[in-house]
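A single structure is presented below for examination.
Taken together, the values in this text are just the output of simple stated rules run on the coordinates, not laboratory data. Nothing here was measured: the structure is a model prediction, and the numbers come from that model. Here the Cβ positions follow ideal geometry from the backbone for every residue, glycine too, while neighbour counts run over all protein chains shown.
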Amino acid sequence: MKVLITGATGLFGEDITRVFAEKHEVIAVMGKKELDITNAQEVFSYIEKAEPDLVIHSAGFRMVDEAEKNPTKTIAINSLGTKNVALAASRCGAKLIYISSDSVFDGEKNTPYNEYDKKNPVNVYGYSKLMAEEEARCYNKKHFIVRVPLLFGASGHRENNYIYIMRNKILNGQTLEYTTDQMCSPTYTTDVAKALLDMADTEFYGVYHIANEGKASRYEFYKKCAELLGLNTQNIIPVLQSEKTVRRPKNTMFESIAYKMTFNTTLRKWEYALEDCIEEIKNNIKK
C-alpha cells in the first residue's frame, strides 16, 4: 500500500510515518513549503501525481490561543485544507484517515465522551476541527475520522514537544502552570499510530475515538512526566482552567465505544504507555 501522510514532521505525524514505513511505502509531506493544503490546485496536483492508496491527514493549525486571534487562518488551514485533501484523495480512489480532536466537545459532560455524543465546540480551534470532520465526511466516502485527546510522544521537534519543553524549563529553574480541573485521557502517539496501521487495512469507515485507557488532569499528567524524568515537581504549579485566557473544555476524557466494538481491542493504560515514552525520551537525550 502507498500511504501519503500530511503533517509528517509533527509530534504525531512523525510516529505515524515511522510506524507505517515498517510495512508500507510512505510519502511523507514535510510541511507547507512542500504542500500548501489551503491551495486546492496544488493539493490536487500533488496527490494525483503521488497516486496513494491511503491519505492520512495529520497536518493542521493547533495553537488554541492563536486560533482565537486568527480565526480566518485557522479555519482555512483546518477546514478548507481538509476539504482539499479529502477531495483529492477521493478523486484518485484513496482512503482517508483524518486526525481530529477532543476539542469538538464542550466538556460539560461528567463522564467520558464517546463517538456518539453531541459535538459542541467552545473555541475557534474546536469549531475548525468540527468543520474539518464534516469536510472529510462530505468529500470522501472512504473516510475514517479519528479523534484523539491529549497526545504525548518522544518524536517531533524538541522545541514543540511539551515534555521536552517542560523538562528544559524545570532544569532552568522555571515554574510551569497546569490545570487541575481539565480532565483528559492522555494518549501515546505510537499506540495510536499502531492502531491506525490496523485500521488502514479495513473498510470499516466512520468516526472513532482512539485513546489510552484511564484519565488524568493536565497537572497530574505533567507531574507524572516530571517524576519519571527524575525532575523537581515543586516547579509544577496547579491552576484552574478559569485562569487561562481562552476557554477550553473541562472534560475531554474519551470512551472508545465504536472503536472497541468494531476492532475488538483497546489501548493500554496511559500510565504504562507514558513509562515507555519517557524511556524513549531519556534515550534521545543521551544521543
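Given Cβ point charges of +1 (Lys, Arg) and -1 (Asp, Glu) and nothing else, what value in debye, to the nearest 20, does the dipole of region 18-133 about its Cα centre take?
Working: 15 positive and 17 negative charges, 25 e Å.
Computed about the Cα centre, the dipole is about 120 debye.
Can you list residues from other chains, or at least 5 along the same chain, whose modelled amide H is less than 5 Å from the amide H of SER100?
For SER100, whose amide H was placed from the backbone, the distant partners under 5 Å are VAL146, ARG147, VAL148.
Next question, about the same structure. Once amide H atoms are placed 1.01 Å from N in the peptide plane, what residues at a sequence separation of 5 or more from LYS32, or on another chain, have their amide H within under 5 Å of its amide H?
none
OK, next. Residues in region 113-141, backbone N under 17 Å from the label point at LYS32 (7 Å along the Cα-to-beta-carbon vector): list them, ranges by number please.
125
Taking 7 Å along the Cα-to-C-beta vector as the label spot, tell me the ARG247-ASN168 distance in nanometres, rounded to one decimal.
For the pair ARG247/ASN168, the computed spacing is 3.4 nm.
If the cut-off is 17 Å between C-alpha atoms, which aspartates and glutamates fall inside it for LYS118, apart from same-chain ones fewer than 8 positions away?
ASP102, ASP106, GLU108, GLU133, GLU134, GLU255
What are the ³J(HN,Hα) values, in whole Hz, obtained from phi via the Karplus relation 6.51 cos²θ - 1.76 cosθ + 1.60 with θ = phi - 60°, for each residue of region 275-285 in sequence order, with x given for Gly and Pro?
4, 5, 4, 5, 4, 5, 5, 4, 5, 5, 5
Whose amide H sits under 5 Å from the amide H of GLY206, counting only residues 5 or more places off or on another chain, with H placed in the peptide plane?
Counting only residues 5 or more places away or on other chains, the set is HIS143, PHE144, ILE145.
Separate question: Given the pairs LYS32/LYS129; LYS69/LYS215; LYS69/LYS169, which span a C-alpha to C-alpha distance of over 22 angstrom in this model?
On the way: LYS32/LYS129 19 Å; LYS69/LYS215 30 Å; LYS69/LYS169 26 Å.
Exceeds cut-off: LYS69/LYS215; LYS69/LYS169.
When the chain is fully extended, how far beyond the present Cα-Cα distance does ALA76 get from TYR116, taking 0.36 nm per residue of separation? Don't skip to the answer; put the middle values down first.
Working: separation 40, 0.36 × 40 = 14.40 nm, distance 2.66 nm.
That pair, ALA76 and TYR116, stretches by 11.7 nm at full extension.
Taking the simple approach of a point 7 Å from Cα along Cα-to-Cβ for both THR265 and GLU227, what is their distance in nm?
About 2.9 nm, to one decimal.
Next question, about the same structure. Which whole-angstrom value gives the distance between the alpha carbon centres of region 50-129 and region 162-188?
The distance from the Cα centre of region 50-129 to that of region 162-188 comes to 24 Å.
Same structure again: Could you give each residue of region 193-198 its phi-based ³J(HN,Hα) in whole Hz, using Karplus coefficients 6.51, -1.76, 1.60 with θ = phi - 60°, and x for Gly or Pro?
4, 5, 5, 5, 4, 5
Sticking with this structure for a sec: What longest region of the chain stays clear of GluC sites (Glu not before Pro) that DSSP places outside H, G, I, E and B and that have at most 11 other Cβ atoms within 10 Å? Walk me through the intermediate numbers first.
Numbers: sites that count: GLU22, GLU108, GLU203.
For GluC sites (Glu not before Pro) (loop position, at most 11 other Cβ atoms within 10 Å), the longest site-free span of the chain is 109-202.
Let me ask another. How much of the DSSP beta bridge set in the chain is antiparallel, as a percent to the nearest 5?
Working: 2 of 35 bridges.
Counting only bridges with both partners in the chain, antiparallel ones make up about 5 percent.
Sticking with this structure for a sec: Quick check on the chain: helices-only [θ] at 222 nm, where DSSP H runs of length 4 and up contribute -39,500 (n - 2.57) each and the sum goes over total residues. Nearest 500, please. If you can, show how the numbers build up before the last one.
Numbers: 11 runs with 117 residues, N = 287.
Calculated from helices alone, the mean residue ellipticity at 222 nm is -12000 deg cm²/dmol.
When the dipole is taken about the Cα centre of the chain, and only Lys, Arg (+1) and Asp, Glu (-1) are charged at their Cβ, what size is it in debye, to the nearest 20? Numbers along the way, then the final one.
Details: 38 positive and 38 negative charges, 63 e Å.
Computed about the Cα centre, the dipole is about 300 debye.
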